[in-house]
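Enquirer: So that we are looking at the same thing, I have put the structure below in structure tokens.
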Amino acid sequence: MKRRGIRRWVLLAAVTAAGLAGLAAAALDEFEYSVFDMRFYLSSQQIAFVRPGLELEVQEVSVAPDRTVSVLFKITDNRGLPLDLDGVFTPGPVRVRFVLGTIPNDGEQYVSYINRAVTSPITGVTAIQPVTDTGGSFARVDDGVYLYTFGARFPEGFDPSATHSVGIFADRDLGEFGLGFQIANEVTHFVPSGEPISRIRDVVATESCNACHDPMHAHGVFRQEVQLCVMCHTAGVIDPDTGADVDFRVMVHRIHRGEDLPSVQAGTPYQIIGFGGNVFDFSDVAFPQDIRNCDSCHSAPAVQEFAHLLNPSRAACGSCHDEVDFASGEGHVGGPVISDRFCANCHFPEGELEFDSSILGAHTIPTKSAQLAGLNIEILDVQNGAPGDRPTVLFTIRDDEGNFSPISTLNSLSMVLSGPTSDYRFRRSEAALARATPVGDDAYSFTFDNAVPEDMAGSFVVAAEGWRNAVLNPGTTKEMTVREASPNPLFYFSLDGSEPEPRRQIVSDMNCNSCHEDLVLHGGQRRNPEYCVICHFPEADDSFRRPADQAPPRSIDFKFLVHRIHTGEDLTEDYTVFGFGNVAHNYNDLLFPGDLRNCAKCHEGDTYNVPSAGIVATIEPHEFFSPIPPNSAACLGCHDTLGAAAHAFVNIAPFGEACASCHASDREFSVTRVHAR
């Protein structure tokens, strides 16, 4: 803490000491911060003094006879203690900025009252863009309560019966306490005439964005609410440097489709030039799930979650389908279209059939078709599982209704034997479709050709993957064949008859799917992280797929591979793995949409802590040293620099790693603390 800062608040601290002491005793135990939040590591005395956090509450919006707009608002910390705007009487100055707009009674989007003309130095084009208010004034009303009077006024003839909104974004600078900026956004709706609010714009909720973005933010870190975004990113607003439409519904669709945009596929990059001439190229953005899953963004708690079904438009639809020229009709079955009036005549919300011209039909994901019965392989038992034995697997196959499905309906079925579960080292996969034999009326038996190695101990697992080709819309012009795959069942068993020890669960399918929605890989039949680690074990590599002239092989150890993939564009070294068909997959341009420091985004419980339960080293000849012990392999998956590798290397002895000496959960440089934000 700077001495200047201490002197600044010494008077306040003395005056309120008794109150803070009582607060510390009564309320500090109520503070619940994540271990990945820097505030977690403050002492109770520091919390009582700094009172971190920022909350923003609009108490009243008024319009004077001269059309001047004023906003009465309150700023507090997370526990309701009033804050000083200037940071004189409470730690951390607070900066507050305002936007102002209306949704006309005959419109659906905002029209900003405060704009500026921006002329591109590249094209000479001038664009009118919404901006924050300037020339306004603040007046202190009470502790933490301020009146802001806009510099801009409503224009003459404005409609007082229309919905109006004040958008506010505020930040509190607690950098001198190591806490960075505390952020608050608020949007308040009102009708100047006093009538009820008749129109809103709430199509996508911030909560939906944050399923991936953790949290979503733009223009630095200061704007984090969709309700605020749509006040400026409105119809007709463009980037004059590129001509790109920055209407929210257009820009967001195009950004998320990224590399799959027809225009990008045809060779035209999708770029927007922002503040300061910074070029943002979204041409390599890879959406982490099927782009047809509109519900991923258009969902509750957004009030207008069904707006995309009820109000189709050329702007919204053409943003993803940018090969369509509505004016000429090129690429549009219905021919030329000059307005949005009749879009819903063909593109109604839902039709009688999947894959029709309705909005839901056109966005049907084939693997989620209601025509699919569902495929579920269940392993009932594993027998003869001792070292040296060839295990026999008893299993059944059922649809989603629980009805038995004959094995003859499958196109592929494989059984996998692997172990030990402490860290996989042995794996054998065998085709089981032709070799399984019926047991009773609703089960099958399969015996492996491979035996459990005689030198193995502990617990093993048997897993399965299977799929069949299903025909959708048979006999129609929309007929298609879809691979219907089963989830990957796992059955753990002990080699000596003791209680089986399942493989530790580090990540869960649910955590992956918070972003991926339905994570499936390798043709769609591998869809469970517990199954992934059977192949992606510490000593596994891509030598089976890597061309000889690209030697040496790269590790495909799950902890190393997944950290490298998700670090993506932040990597300092090349990371390329060869996959099926000897195809090279480079991940250096992948952008993780969340904050990489939040280990809990993927990890179950506190499995990010060291020491880990892993015991087998990762073999990775491309790295600065190999083999890499388990804890170091996980960390160096993200931290790929020479310095990080050297740090790990000097803390490794022939008999183990010293990571926990500094980075254990109870140490000064714990995993959570060094990743806190």
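Rule-based calculations on the coordinates, nothing more; no lab input. Computed from a predicted model, the values in this text were never measured in an experiment. Positions of Cβ are generated from backbone atoms using ideal geometry, with glycine treated the same way; all protein chains shown enter the neighbour counts.
Enquirer: Considering amide H positions built from the backbone, and no H for Pro or chain starts, which residues 5 or more places from Leu380, or on another chain, come under 5 Å of its amide H?
Expert: HN-HN under 5 Å from Leu380: Leu394, Phe395, Thr396.
Enquirer: How high is the relative contact order of region 348-389, in percent, counting Cα pairs under 8 Å that sit 6 or more residues apart?
Expert: Worked out over region 348-389, it gives 21 percent.
Enquirer: Would you kindly calculate the mean projected area, averaged across all directions, of the convex hull enclosing the Cα atoms of region 309-352, in square nanometres?
Expert: Seen from a random direction, the Cα hull of region 309-352 projects 3.1 nm² on average.
Enquirer: Report the Rg/Rh value for region 163-300, based on alpha-carbon coordinates and the Kirkwood definition of Rh.
Expert: 1.00
Enquirer: Further, regarding this structure: Roughly how many nanometres apart are two label points built 7 Å out from the Cα toward the Cβ at Arg427 and Phe649?
Expert: Spacing of the two 7 Å Cα→Cβ label points: 2.8 nm.
Enquirer: Moving on to the next point. Set the Förster radius R0 to 56 Å, insert the Cβ-Cβ distance between His622 and Glu195 as r into 1/(1 + (r/R0)^6), and round the FRET efficiency to 0.05.
Expert: After rounding, the FRET efficiency stands at 0.25.
Enquirer: Among all the aspartates and glutamates, which ones have a C-alpha under 15 Å from Lys478's C-alpha, if same-chain residues fewer than 8 places away are not counted?
Expert: Here the aspartates and glutamates satisfying the reach criterion relative to Lys478 are Glu352, Glu354, Asp356.
Enquirer: Continuing with this model, one more query. Just the Cα atoms of region 151-201: what Rg and Dmax do they give in Å?
Expert: For region 151-201, the Cα-based Rg and Dmax read 16.6, 49 Å.
Enquirer: Also, quick follow-up: Can you figure out the FRET efficiency of Asp202 with Ser44, using R₀ = 45 Å and their beta-carbon distance, to the nearest 0.05?
Expert: With a Förster radius of 45 Å, E is 0.70.
Enquirer: Output ³J(HN,Hα) for region 172-189: one whole-Hz value per residue in order, computed from phi by the Karplus curve 6.51 cos²θ - 1.76 cosθ + 1.60 with θ = phi - 60°, and x for Gly and Pro.
Expert: Rounded to whole hertz, the list is 10, 8, 10, x, 6, 9, x, 10, x, 9, 9, 10, 9, 10, 8, 10, 10, 9.
Enquirer: Enter the Cα centre distance for the pair region 556-597 and region 68-114, rounded to the nearest angstrom.
Expert: First find each Cα centre; the distance between them is then 41 Å.
Enquirer: Then there's this: Compare the Cα positions of Thr567, Ser328, Asn582 along the charge dipole of the chain (+1 at Cβ of Lys, Arg; -1 at Cβ of Asp, Glu; about the Cα centre) and return the one farthest towards the positive end.
Expert: Sorting the options by dipole projection puts first Thr567.
Enquirer: Once label points are set 7 Å from the Cα along Cα→Cβ at both Glu401 and Ala584, what is their separation, rounded to one decimal in nm?
Expert: In this crude label model, Glu401 to Ala584 measures out at 5.1 nm.
Enquirer: R0 = 22 Å: FRET efficiency of Phe138 with Phe181, Cβ-based, nearest 0.05?
Expert: It comes to 0.70.
Enquirer: To continue, here is another question. Can you work out ³J(HN,Hα) from phi for every residue in region 256-264, in order, using Karplus 6.51 cos²θ - 1.76 cosθ + 1.60 and θ = phi - 60°, giving whole Hz and x for Gly and Pro?
Expert: Coupling constants for region 256-264: 6, 7, x, 5, 9, 4, x, 5, 5 Hz.
Enquirer: Using only the C-alpha atoms of the chain, find the volume of their convex hull and express it per residue in Å³.
Expert: Given the Cα convex hull of the chain, per-residue volume reads 222 Å³.
Enquirer: Taking 0.36 nm per residue of sequence separation and subtracting the Cα-Cα distance, how much length would be gained by fully extending the chain between Phe544 and Asp325, in nm to one decimal?
Expert: 74.2 nm
Enquirer: Any idea how far the Cα center of region 266-282 sits from the one of region 208-251, in Å?
Expert: 14 Å
Enquirer: While we're here: Please list, in chain and number order, the residues 5+ apart from Gly101 or on another chain whose amide H is under 5 Å from its amide H, with Hs placed from the backbone.
Expert: Under 5 Å from the amide H of Gly101: Tyr113, Ser165, Gly167.
Enquirer: Still on this structure, please answer the following. Amide H of Ala218 versus every other amide H placed in the peptide plane: which residues, excluding those fewer than 5 positions away on the same chain, fall under 5 Å?
Expert: Excluding prolines and chain starts, which carry no amide H, the hits are Arg223.
Enquirer: Could you give the nm distance between label points at Ser508 and Glu60, where each point is 7 Å from its Cα heading toward the beta carbon?
Expert: Spacing of the two 7 Å Cα→Cβ label points: 4.8 nm.
Enquirer: Among 547-555, 287-295, how do they line up from the highest to the lowest mean number of other beta-carbon atoms within 10 Å?
Expert: Per-residue Cβ counts within 10 Å, averaged per peptide and sorted highest first, yield 287-295, 547-555.
Enquirer: Over region 288-343, what is the mean sequence separation of C-alpha contacts under 8 Å (at least six apart), divided by residue count, expressed as relative contact order in percent?
Expert: 21 percent
Enquirer: Taking a point 7 angstrom from the Cα of Asn105 along the C-beta vector, which residues in region 188-211 have backbone N less than 17 Å away?
Expert: Answer for this model: 190-200.
Enquirer: What area, in nm² and to one decimal, does the C-alpha convex hull of region 94-217 cast on average over all directions?
Expert: Averaging across all directions leaves 11.9 nm² for the Cα convex hull.
Enquirer: Along the Cα-to-Cβ line of Glu454, 7 Å from the Cα, sits a label point; which residues in region 421-443 have backbone N less than 19 Å from it?
Expert: 426-427
Enquirer: Using θ = phi - 60° and the Karplus form 6.51 cos²θ - 1.76 cosθ + 1.60, what ³J(HN,Hα) does each residue of region 503-518 get, whole Hz, x for Gly and Pro?
Expert: Taking θ as phi minus 60°, the curve returns 5, 4, 9, 9, 10, 10, 4, 4, 5, 4, 7, 4, 10, 7, 6, 8 Hz for region 503-518.
Enquirer: Percent of Cα-Cα pairs more than 23 Å apart in region 473-560, please.
Expert: Tail fraction, whole percent: 46.
Enquirer: Full-extension gain between Asp340 and Gln265, please, as 0.36 nm times their residue separation minus the C-alpha to C-alpha distance.
Expert: Going from the current span to full extension adds 24.3 nm.
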